[in-house]
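Student: The following block contains the structure, expressed as structure tokens.
The values are calculated or read from the model by the stated rules, or taken from the named source; none is laboratory data. Computed from a predicted structure; not experimentally measured. Heads up, the Cβs are rebuilt from the backbone with ideal geometry, glycines too, and the neighbour counts pull from every protein chain shown.
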Amino acid sequence: MDVRYFLSRRLDFIRQFYEMSSAPFIERKRLIEAEEEPFVPPYSEDPEPAYLEEWLEAEESLQVLGRTCISMLAAVFHLYFKTWERQIGVPVDASLKGDFKNGWFNGYKAYFARHFRIRFEDGPFRLGVLEEIVLVRNRAQHPESITMNSAHFSASDLEKLPRPFFIDENDESLFSEIEEGERAWLMAPPIRVTAEKLSAALSEVENFAEWLENVEVEQRAS
């Protein structure tokens, strides 16, 4: 089986799914910002912008969609590893159970390092983004409050992330200005999945798959 071919098809589906599904929310925000029908603001002395609730709802919908796509990406990425495991014919054994307790990505990192001397840290991709995909999926699929649709990193997540990728520009700037040993959050930053960050995450998975298969072929040939 050409594992990367099927991975690429699934990644392309996620891309088109986001693009098609996000269009009405993006257009709604544009109409509100441009004050076009049906969002022409009525005369009012209220300082709050007209249709703010509708704008926020559209933005929230985009974030839910983005996190859904990241969850889909994490699931596909997991299937990619499981398919390679079956195809290689070397099953995960009891010696790796401890590594898999820390998550399937860490488990497969140990699996390839132990059996094939392949270190994920050596690849030409952002390993932190790949690890964060799994964290975002976990936070998106296990919300902690019924009062909101947003999702936040946990304190334990932030301990694992030297520099979170899925946060907005303001939080990113604040995070970069604080020394690593002094980093503390009054409130954990919300997870933000923009079209650009989703696209970058998809590209990192593609880069990883290309690298792994090239390295794996070299290992078999040697």
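Student: Could you tell me whether region 92-112 includes any residue that is more than 30 Å from F25 (Cα to Cα), in contact (Cβ under 8 Å) with a residue 60 or more places away in the chain and in a helix (DSSP H, G or I)?
Tutor: Yes; the residues of region 92-112 include at least one that is more than 30 Å from F25 (Cα to Cα), in contact (Cβ under 8 Å) with a residue 60 or more places away in the chain and in a helix (DSSP H, G or I).
Student: Kindly provide the set of residues from region 51-66 that are more than 27 Å from the chain's Cα centre (by Cα) and in contact (Cβ under 8 Å) with a residue 12 or more places away in the chain, ordered by number.
Tutor: Selection gives Y51 alone.
Student: Looking only at region 7-40, which residues are part of a helix (DSSP H, G or I), among the acidic types (D, E) and either more than 20 Å from the chain's Cα centre (by Cα) or at pLDDT below 95 (or both)?
Tutor: Residues satisfying the conditions are E27, E33.
Student: If a residue has to be out of contact with any His (no Cβ under 8 Å at 6 or more places or on another chain) and surrounded by 13 or more Cβ atoms within 10 Å (Cβ to Cβ) to count, how many in region 89-104 make the cut?
Tutor: 5
Student: Something else: Which of the numbered conditions does Y43 fail, given that it passes all the others? Conditions: (1) modelled with pLDDT of 95 or more; (2) out of contact with any Asp or Glu (no Cβ under 9 Å at 6 or more places or on another chain).
Tutor: If we test Y43 against (1) modelled with pLDDT of 95 or more; (2) out of contact with any Asp or Glu (no Cβ under 9 Å at 6 or more places or on another chain), just (1) comes out false.
Student: Does at least one position in region 201-217 carry a residue that is at pLDDT 70 or above, surrounded by fewer than 15 Cβ atoms within 10 Å (Cβ to Cβ) and under 23 Å from I26 (Cα atoms)?
Tutor: Yes: region 201-217 contains one or more residues that are at pLDDT 70 or above, surrounded by fewer than 15 Cβ atoms within 10 Å (Cβ to Cβ) and under 23 Å from I26 (Cα atoms).
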